[in-house]
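Just so it is clear, none of the values below were taken in a lab; they were calculated from the coordinates. A quick note: this is a predicted structure, and the numbers were derived from the prediction, not measured. In this analysis, Cβ positions are derived from the backbone assuming ideal geometry, glycine residues included, and neighbour counts consider all displayed protein chains.
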Amino acid sequence: MPFDLSSFADSLPLDHLDIRMQASEYAGRIERARRMLRERELDVGVAYGTESMPGDTGWLTGYDPQIESTMVLVGKGATLILGGPSFARYGAEMSLVAEYRLCSELSIDEDYPTLTLQPLSDLLREAAGGAVHRVGLLTSDDLLPHGIRRLLGDAAGAELVDATDFLRDARYHKSDAELQMAAIATRIAGWAMQAAVRSARPGVRELEVAAATEYVMRRAGADRLGYMTIVMSGERACMVGARPSNRVIQTGDIVTISVCPRWEGIAGTVGRTFVAGGSPTPSQETLLRHVERAFALARERIGSGRPAREVDAAGRSYLNTHGLYPLYGLVHGGGWTECMEGTGSADPHSKYDFPAGVEMMLDVGVFDQPFLDLPAEHVGVRIEDTFCIDSAGITRQLSDVPLRVEEWVAG
């Protein structure tokens, strides 16, 4: 029987729709930031965010910028979200702890004759509650554009001080509420993956499969994605993170799909690989089994107090024994972004132990290398899932999607 996407979405238990991050969570974060500013004798802290990298401003205030970039100022005087006029109402809707201010330097080059925009220098003083002598930069250099840094220097006329370690560490260590949001996001990702696999029958375009995943994620209440849905098939399977195309899936294609909804800003991801039509060749079956086994071995090493490098080493050494090589480290941090949290990755050179209270993605990926009779361009396998170690030190895999999804494959 053909897969009925609408009926599948109608059957989903949407008992999570009222579970939201509370204002008290954000208020606690702002107080932590202010305490850090006092300890370091900084007058104001500045975070920067964009639609693709919203984590710093989002973690502080809940505001997830759309199209235009934003800044958040934290000081003893006020917590302010800075942006252009187009998103003032949206910013006020999203943030539970900050006031939105129209900043002339962040406004696009249009005329707003009925509005008054304030210069960045005035807004810095408002947030600081007075004169500004030292500004703490909360967003790392690789994400803070040179132009924004120059604006801050010119507007404040103050010393710019690196304080990026605060948000890097704060975002890595998750509260119980954040881990609850990650679990909801990953639950939705599991539903989207099931819809994708069941939709990916031979003769369907990759974009049609992606449309099924995104329909399910939206129906389940996910208003944001950690990345655009990945669907790669046939000779595109090797492309690691390619957007879906209009390529028609063929019987016997390796198909790799990754989905990443966000709930209250927090990402949850699931990635799986299968053969279209459900009948892998012997070489395809061997490849899939090796990646599945590597994932299982790596998963066993995740735990509070355990060396992070052992997770990567377990999966990597198994694959190497069979002539396969993962393209990247097997663990990366999760949170407001799916893999760009700035900390929490694990590879053979990692020198830290996993703490309690973290979210991570275990991602075993083998791409673009020949294997048995399979040419490199037809080799692209990913098994990825979201894990957490909760505040009690208990490790949990957050999805219940099977590692092999043949039971869902459409003929």
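Points to keep in mind about this one:
- Euclidean distance of C-alpha centroids, segment 279-323 and segment 247-268, integer Å: 20 Å
- Sequence-separation-based contact order of the chain, relative, with Cα cut under 8 Å and 6+ spacing, percent: 14 percent
- Under 9 Å, Cβ to Cβ, from Leu362 - net charge with Lys/Arg +1 and Asp/Glu -1: -2
- Loop chymotrypsin sites (Phe, Trp or Tyr not before Pro), segment 321-355, which have at most 11 other Cβ atoms in a 10 Å radius of their Cβ (DSSP): Tyr352
- Segment Arg293..Asp4, full-extension length gain: 100.8 nm, with 0.36 nm per residue of separation and the alpha-carbon distance subtracted.
- Segment 116-166: trypsin sites (Lys or Arg not before Pro) in DSSP coil with no more than 12 other Cβ atoms inside 10 Å: none
- Trypsin sites (Lys or Arg not before Pro) within segment 66-102, DSSP loop, no more than 16 other Cβ atoms inside 10 Å: Lys76
- Within the set (i) -0.37, -0.59, -0.96, -1.08; (ii) -0.53, -0.70, -0.94, -1.04; (iii) -0.32, -0.53, -0.94, -1.10, the number that log10 I(q)/I(0) by the Debye sum over Cα atoms at q = 0.07, 0.09, 0.12, 0.13 Å⁻¹ takes when calculated for this structure is listed as (i).
- Computed from phi, the 3J(HN,Hα) profile of segment 253-265 under the Karplus parametrisation 6.51, -1.76, 1.60 (θ = phi - 60°) reads 5, 6, 10, 10, 10, 9, 10, 8, x, 10, 10, 6, x Hz, with x in place of Gly and Pro.
- Taking 7 Å steps out from each Cα toward its Cβ at Ala376 and Arg149 produces label points 3.6 nm apart.
- Relative to the Cα centre, the charge distribution of the chain, modelled as +1 at Lys and Arg Cβ and -1 at Asp and Glu Cβ, gives a dipole magnitude of about 580 debye.
- Difference of contour (0.36 nm per residue) and Cα-Cα distance, Arg89 to Asp165: 24.2 nm
- Each peptide in 372-383, 12-23, 354-365 gets a packing score, the mean of other Cβ atoms within 10 Å over its residues, and the list from highest to lowest is 354-365, 372-383, 12-23.
- With a cut-off of 13 Å on the backbone N, the residues of segment 318-344 near the modelled label site 7 Å out from Gln369 along Cα-Cβ are 318-330.
- Values of log10 I(q)/I(0) for segment 23-172 across q = 0.10, 0.14 Å⁻¹ run -0.29, -0.59, by the Debye formula with one identical scatterer at each alpha carbon and no solvent.
- Per residue, the average separation of C-alpha pairs within less than 8 Å and at least 6 apart gives segment 1-89 a relative contact order of 21 percent.
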